[in-house]
Amino acid sequence: MKRTSARRAALAVLAVATLAPVPASAQAPGDGGLLPPLQLRAGTPFDYCVTGTAAKALAAAGVTFDAVAPATLTTVNGRPCMHSVLDSGELNTDLSGVTGKARGGFAFQRDGKRAEFTDLALVMKLDRSGVITTEHLGRRIETLTTNGDGIKLALTKVSAENTPINLTAPAVDALAQKFGTSPLAAGDQLFSATLSFDVVKGLTGLLPVTL
C-alpha cells in the first residue's frame, strides 16, 4: 500500500473511532467524552423575543420590557426582543450538554421601579432541558428554563428556532418583591429563542495531520 493511501486509511479509522459512542465506563462523569469540549463561536448574536401572551400580561399589569446593555432591545415581527451575543460557550463532544454565557440581560419596569436580570448563564443537559441563571440584586438565581423544543445539537453547530423559554419560581418571586405582584406565573413562557452558534473547531481539527 502506498504511503498516502495508508495515511488516509489510518485517518479514516481514527475518525470512525472518534465518532463512535464511548462506553459510559470509559468516561469520567460530566467530561463529555474522551475529547475536550468544543468551543462555540463567541460574538454570535441571538434573540430572546417576548411571546404575544407574555406581552399582553405585562401590558395589563402596566409593566414594560427592556434590555440591559450590552444587550439591546429590538423588535422582531412586532414583538420586543432582547438581542445579545454569545460571550462564551462549550459543546460536549458526545453531545451530552451545552453551556453558554452572555453579558447584559433583560429588565422589567413600572412606576420608576426596575427589576434587572443580567449575565445569563445556560447549562443544558443530554435531554435538551436547560436552566438559565442570572444575576439579580447581587446574587445568582435560576431565572429561566427550557425543555429543549426546537434545539438541535451537532458537532459543528448548536441551533434553536422558536424554542420556548419559561419563567422560574425564583424569578417570579423577584418580580413580586419589586412590584408587589408578578404579571407572570412560574412556568409561563416568557420568550421564544432563536440562535445559531457555530463550533470554532470541529473534530477534524482535533485529528493528527501526520502519521
Any hit, segment 74-86, residues being assigned to a loop (DSSP other than H, G, I, E, B) and free of Cβ contacts under 8 Å to residues at least 12 places away in the same chain
yes
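For every residue, the table says whether it meets (1) over 18 Å from residue 171 (Cβ atoms); (2) surrounded by fewer than 16 Cβ atoms within 10 Å (Cβ to Cβ); (3) of a type in the set (S, T, N, Q).
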{"position": "118", "(1), (2), (3)": "no, no, yes"}
{"position": "125", "(1), (2), (3)": "yes, yes, no"}
{"position": "143", "(1), (2), (3)": "no, no, yes"}
{"position": "150", "(1), (2), (3)": "yes, no, no"}
Those residues of segment 87-101 which are among the β-branched types (Val, Ile, Thr) and either open to solvent by 60 Å² or more (accessible area, probe 1.4 Å) or not in a loop (DSSP other than H, G, I, E, B) (or both) amount to 98, 99
Being of a type in the set (Ser, Thr, Tyr) and in a strand (DSSP E or B) is the filter; apply it to segment 127-141 and report the residue that is surrounded by the fewest Cβ atoms within 10 Å (Cβ to Cβ).
133
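Yes/no per residue for (1) open to solvent by 50 Å² or more (accessible area, probe 1.4 Å); (2) modelled with pLDDT of 95 or more; (3) aliphatic (A, V, I, L, M); (4) closer than 24 Å to residue 162 by Cβ:
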| position | (1), (2), (3), (4) |
| --- | --- |
| 23 | yes, no, no, no |
| 36 | yes, no, no, no |
| 39 | yes, yes, no, no |
| 45 | yes, yes, no, yes |
| 56 | yes, yes, no, yes |
| 62 | no, yes, no, no |
| 84 | no, yes, no, yes |
| 104 | no, yes, no, yes |
Here the qualifying pairs (Cβ atoms under 9 Å; residues six or more apart or on different chains; first in segment 127-139 and on the phi < 0 side of the Ramachandran plot and hydrophobic (A, V, I, L, M, F, W, C); second outside any strand (DSSP E or B) and open to solvent by less than 50 Å² (accessible area, probe 1.4 Å)) come out as 131/168; 132/168
Out of curiosity, is residue 58 hydrophobic (A, V, I, L, M, F, W, C), under 17 Å from residue 183 (Cβ atoms) and either touching a residue at least 12 places away in the same chain (Cβ under 8 Å) or out of contact with any Cys (no Cβ under 9 Å at 6 or more places or on another chain) (or both)?
yes
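The values are calculated or read from the model by the stated rules, or taken from the named source; none is laboratory data. Since the model is a prediction, treat every value here as computed from it, not as a measurement. Every residue, glycine among them, receives a Cβ derived from its backbone with ideal geometry; neighbour counts consider all protein chains shown. All accessible areas refer to the heavy atoms of the entire protein, side chains included, with ligands and DNA or RNA removed. Shrake-Rupley method; radii C 1.70, N 1.55, O 1.52, S 1.80 Å.
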